[in-house]
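What follows is a set of notes on a single structure, which appears directly below.
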Amino acid sequence: MGTALIYDEEMTKYKLLWVDPACKIEVPERLTVSHEALVESGLADRCVSVPVREATEADILQVHSEEYLEGVKKTPYMTLEDLKEFTLQYGDVYFHPNIYHCAKLAAGAALQLVDSVMTGKVRNGMALVRPPGHHSMRSAASGFCVFNNVAIAAQYAKQKYGVKRVLIVDWDVHHGQGVQHCFEDDPSVLYFSWHRYEHQKFWPNLRESDFDCVGKEKGAGFNVNVPWNEVKMQNSDYLSVFCHLLLPVAYEFCPDLVLVCAGFDSAIGDPEGEMCATPDIFAHLTHLLMNLAGGKLCALLEGGYNLTCLAQSVCQTVHTLLGDPAPRPADLHGPCKSALESLHCARSAHRQYWACLKHAADLPTSDISTKRIRLGEEDEKPLDTEEELVWPEPPKRLAPALRTAVVLPGGVACPDGCNQFSSSEELDPVTVNKLTENLLKDVDESDALSILSSLIALVEKMEKNEICTGLALVQDISMAMMCVVQHAASAPDNRVLVVCVGYGEVPLLDTINGKTLVVHFSNKESEKHKGRYYIPVCLKKGFSDTSGFIQAVLGLLLPLGYEYDPGLVLLVRMSAGGLCDGVWQQLTGLLLGLAHGHTLVLMQDGERAPVGPTASSLLGDPAPSLGPLLAPLPEDVAYVENLRHMLSADWKLLQTTGESTTASSDINMTHKMHA
Ligand code: Q9C
Ligand code: ZN
């Protein structure tokens, strides 16, 4: 199952023919630099190249009016003067004799992508198109957009393939008001957009871009706006909104298809967005969406006007679609106050529509409300210093030679696509000594020693990035866990995130110095563990309540994991009755976004049924869709919400409100032990 790439040079063949400062950034080079970067990095070659086609009039008329289409149709025959005049009816857009052709190709590219994904020719894909689409409305061009490519694609997917639910994620820095209008009253299309807003001072300056515009009639709740009221938003701000709003709602919605308005003007260096998120954030945003809809994801280029950043961001996105592990995210020091206000407002506006947000806090009543109208009020903007922003080029993303290595006892077949791990080198005697002294005191089993040695050798290869993921079936899970943690955490500067799922006992791991963070999902609290780096997540019904578990993964585990930024994830499955394969695969798949994709799964030898599904997730296959989630147990939502609140003094990515939180040391549920 591959990744489609759609590009046609024809779409570079129109440009601005007169002087217009608002439009001068939308240049043909946007497409050529993006495509060249994909070719030069070897990414283009790894994709399935799919040709464009023109969208038909019938396709376009699903979203646009006949009058508008007729108008645009005439533009190829217009004189320069006529084109200028035609353009004047609309805002921040230009026409050219060839733009109608290109606009049909851009919409057609989106349809080709939908066809390729829906027929199973590829798993996912990206279309590099011009003109962009998300601003164009039923009867109007707007913001460089002529036809609404993504809206046309969503309608087409519903009609041609009977897709019941489409999620549109618009990470472009502008509000796709055209998409919002198109699906405002349609509950089958969930539209999410974050956008530079600045209390309506930023283009397109619409009241309806604010967080309280949630959709109309049957579509109420299916339009999610996150307005940014300040510039310079960073990686943490974007990830927070994904973990605490978009993903919980998206999992509850359960799309059959994900369409991304992939605009990269939301990244650093962009003259329009003036945000500070780095190109590698798009690897994570993409990854986090790739386990929805069984992996069916179509990314369509929208904005992006800093050519350097645009090319880097496009590469990050395509790398991830191809299944390459994401780079470790840099500089996650928590969301800023303004982002938290926006997140808080959007969560509370949607509280009545989504069970996962039921316990979100009230709308802020104080003056922090993003709703205060400040239009007209002049900000003393610092003089435009036009300083060149610089950011490091994202590191090369090298996929390890070996994807998934397994350590299995005799008699268990090696799953397809995995490699049975055998360590060529002998373990050094010091390690063997340590093992026998620390762990194997009472056990004189050469079997145990050999399994543990293999595990250590495997972890070492993962550390060297020779192997990406691993899976081991072990007799004594506690011992294996201690062994891996002791070894991995002994390397300077390495941190291990241990995720335990199950009702079994977690051995006492050294969580004092912060080199290990343990998150334990179970149904009852253990007495013996304490401290900032041991986090028990006790759900009432354990793992049998799928929604409660998934929401805890999204709202607690992911942000903790991102902030902790481990070098290795150790995912341990203890006796986990009631945990279904699909949920386990979602967990596994989502965790692969951390630690540069280095996840080692430990499972009990007795429990062999999950080996196949686990291996498939470690190989990078998307987890199966879970179906629309029912409301989680109210106690569990309240519990997770409360836990998040208490931990948020220590872990900034857990915050969802601008209010200051009490330090966890003041609350007896978590006991701080770090010096
Ligand atoms: N400062 C897309 O990104 N406003 N369109 C320009 C100049 C128009 C952006 C104002 C921005 C349109 C697809
Ligand atoms: Zn944009």
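Some points to look at:
- Residue-normalised convex hull volume from the C-alpha trace of region 402-625: 119 Å³ per residue.
- The amide H of Val498, built 1.01 Å from its N in the peptide plane, has Leu517, Val518, Val519, Leu570 as neighbours under 5 Å, considering only residues 5 or more places off or on other chains.
- Under 9 Å, Cβ to Cβ, from Asp172 - net charge with Lys/Arg +1 and Asp/Glu -1: -3
- Counted by neighbouring Cβ atoms within 10 Å, the residues Phe86, Phe242 run from fewest to most as Phe86, Phe242.
- Integer Hz, Karplus 6.51/-1.76/1.60 couplings in order for region 397-408, x for Gly and Pro: 9, 8, 7, x, 4, 10, 7, 10, 10, 10, 10, 10
- Nearest-20 debye value, region 402-625 charge dipole, Cβ charges on Lys, Arg, Asp, Glu: 720
- Computed [θ] at 222 nm, deg cm²/dmol, the chain (DSSP H ≥ 4; -39,500 (n - 2.57); rounded to nearest 500): -9500 deg cm²/dmol
- Residue order, fewest to most beta carbons within 10 Å, for Asp186, Asp212, Asp170: Asp212, Asp186, Asp170
- Along its principal axes, the chain has C-alpha extents of 90, 54, 49 angstrom, given from the largest down.
- Taking Cα centre as origin and charging only the Cβ of basic (Lys, Arg, +1) and acidic (Asp, Glu, -1) residues, the dipole magnitude of the chain rounds to 1240 debye.
- Between the helical axis of 337-350 and the longest alpha-carbon principal axis of the chain there is an angle of about 80 degrees.
- Coupling constants for region 34-39 follow from the phi torsions by the Karplus curve (6.51 cos²θ - 1.76 cosθ + 1.60, θ = phi - 60°), and in residue order they are 5, 5, 4, 5, 5, 5 Hz; glycine and proline get x.
- Each other residue within a Cβ distance under 13 Å of Leu43 adds +1 if Lys or Arg and -1 if Asp or Glu, for a net charge of -1.
- Point-charge dipole on Cβ atoms (K/R +1, D/E -1) for region 1-116, about Cα centre, debye to 20: 160
- One Cα centroid belongs to region 209-277, the other to region 469-539; the line between them spans 34 Å.
- Derived scalar couplings ³J(HN,Hα) [region 578-589; Karplus, 6.51 cos²θ - 1.76 cosθ + 1.60; whole Hz; x for Gly, Pro]: x, 7, 8, 3, x, 5, 4, 5, 4, 4, 4, x
- Order of Lys104, Lys528, Lys541 under a 10 Å beta carbon neighbour criterion, fewest first: Lys528, Lys541, Lys104
- 0 to 90° range, to nearest 10: angle between helix 634-647 axis and the chain longest Cα axis: 80
- Kirkwood Rh and Cα Rg combined as Rg/Rh, region 157-221: 1.01
- Under 13 Å, Cβ to Cβ, from Arg403 - net charge with Lys/Arg +1 and Asp/Glu -1: -3
- Normalised by the number of residues in the chain, the mean separation of alpha-carbon contacts (under 8 Å, six or more apart) gives a relative contact order of 12 percent.
- Region 502-566 shape via C-alpha gyration tensor axes, a/c threshold 1.5: oblate
- Spatially, region 394-413 and region 108-144 are offset by 35 Å when compared through their Cα centroids.
- Long-range HN-HN contacts of Val601 with modeled amide H, under 5 Å: Gly470, Leu471, Ala472, Leu571
- Rounded tilt (10° steps) of 307-321 against the dominant C-alpha axis of the chain: 50
- For region 279-367, diffusion coefficient by Stokes-Einstein and Kirkwood Rh (Cα), 37 °C, 0.692 mPa s, µm²/s: 208
- Over 29 Å apart at the Cα level, from the set Lys337/Lys524; Lys24/Lys74; Lys540/Lys652; Lys358/Lys540; Lys13/Lys73, are Lys337/Lys524.
- Globularity index of region 124-236, i.e. its alpha-carbon radius of gyration over 2.2 N^0.38 Å: 1.05
- Semi-axes of the equivalent ellipsoid for region 601-664, Cα gyration tensor, largest first, Å: 34, 17, 13
- With 10 Å bins beginning at zero, the pair-distance distribution over Cα atoms of region 42-129 amounts to 15, 39, 27, 15, 3 %.
Values quoted throughout were computed directly from the atomic coordinates according to the rules given, and no laboratory measurement underlies them. Remember, it's a predicted structure, so these values are computed and weren't measured experimentally. Because the Cβ atoms are built from the backbone with ideal geometry, glycine has one as well, and the counts that use them run over all protein chains shown.
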